[in-house]
Amino acid sequence: MHDRSHRKVIAIAAPIGGGKSALVTALASALKDSVTLRFDDYENATRQSVDALAKWLAEGADFNQLQAPGLADDLAILRKGDAINARDGVSIVAGTQDLIFEMPLGRAWSATTDNIDLLVWVDVPLDIALARRIREVSADMLRQDAASAKRGLAWLNDYLGHYIATIHAVLEAQRRTVRAQADLIVDGTQPIASIVQSVLDHIAQSPTVAR
């Protein structure tokens with residue numbers, strides 16, 4: 001059982017394009033005096049080659065092999081209410097309420113498992129998540145000059161090739177493993193306000209994440 005004197009950590013997990021960042025931002029706004037911590041600011045996985053990810057999948061997709069130096073220590077420090085120095089050099093101090101943890105690996109990454117009080121999985125069909133990602137990238141390309149847009153189109157073409165070959169299988173492995181360990185599964189196709197309310201309702205009803 002977690003020490004109730006510690007800040008409560010609410011972890012948010014979803015596939016790429018699933019709406020993690022939007023939910024983290026909206027939830028942090030709804031939960032006054034909360035702070036956020038993001039796995040993406042620490043991880044090295046997206047810097048790996050597609051071949052390295054394919055090898056990781058072939059060897060069993062062990063999420064503990066994915067590296068995020070310093071993340072576990074910073075989460076533990078914040079949960080105790082102490083300050084950390086964020087990657088941008090700005091000091092982060094845990095508030096008196098909750099800590100919102102954007103963590104796509106959920107409890108499958110054992111280094112932070114014991115410091116997660118509530119794991120929320122944002123359930124979104126992978127085709128919808130991919131469409132959102134393509135729309136985001138293409139909208140950015142439409143704002144660029146012709147040369148930049150062409151480079152963006154080339155990137156998107158490569159990304160979709162990698163998605164078919166490897167990334168889709170990585171996301172399936174994530175869904176299989178992380179979703180099964182979630183305390184709350186929300187429908188990521190719903191309006192963000194409805195999703196936030198579902199999380200708030202769960203928090204209010206759960207003694208392990210009591211406010």
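For this structure, a couple of remarks:
- Counting only alpha carbon atoms, the long axis of helix 168-180 and the longest principal axis of the chain meet at about 20°.
- The chain - percent relative contact order, Cα under 8 Å, separation 6 or more: 33 percent
- Calculated diffusion of the chain, Stokes-Einstein form, Kirkwood radius summed over Cα pairs, 20 °C and 1.002 mPa s, µm²/s: 118 µm²/s
- Paramagnetic reach from I128 in region 14-29 [backbone N under 11 Å; point 7 Å along Cα→Cβ]: 18-19
- Taking 0.36 nm per residue of separation and subtracting the Cα-Cα distance, full extension of the segment from R151 to A52 would add 33.2 nm.
- Residue-span extension gain [S21 to A169] - 0.36 nm each, minus C-alpha spacing: 51.1 nm
- The label-point distance for R176 and Y42, in a model that sets each label 7 Å from Cα toward Cβ, rounds to 2.6 nm.
- Volume of the convex hull of region 138-211 (Cα atoms only), normalised per residue: 134 Å³.
- Bridgeable lysines around K20 (alpha carbons under 22 Å apart, same-chain partners fewer than 8 residues away excluded): K8, K32.
- Partners of K80 within straight-line reach, counting aspartates and glutamates whose Cα lies under 16 Å from its Cα and excluding those fewer than 8 residues away in the same chain: D3, D33, D98, D114, D117.
- About the Cα centre, charge dipole magnitude for region 8-209 (Lys/Arg +1, Asp/Glu -1 at Cβ), debye: 340 debye
- Placing a label point 7 Å from the Cα of Q205 along the Cα-to-Cβ direction, the residues of region 114-158 with a backbone N closer than 19 Å are 117-123.
- Taking each residue as 0.36 nm, the span from N85 to D62 lengthens on full extension beyond its C-alpha to C-alpha distance by 5.4 nm.
- Cβ-based charge dipole, region 150-211, positive-most Cα from S206, L156, I192: L156
Any read-out appearing in this document is the output of simple, stated calculations on the displayed coordinates, not a laboratory observation. Keep in mind that this is a model prediction, so the values were computed, not measured. Every residue, glycine as well, gets a Cβ built from its backbone with ideal geometry; the counts of neighbours run over all protein chains shown.
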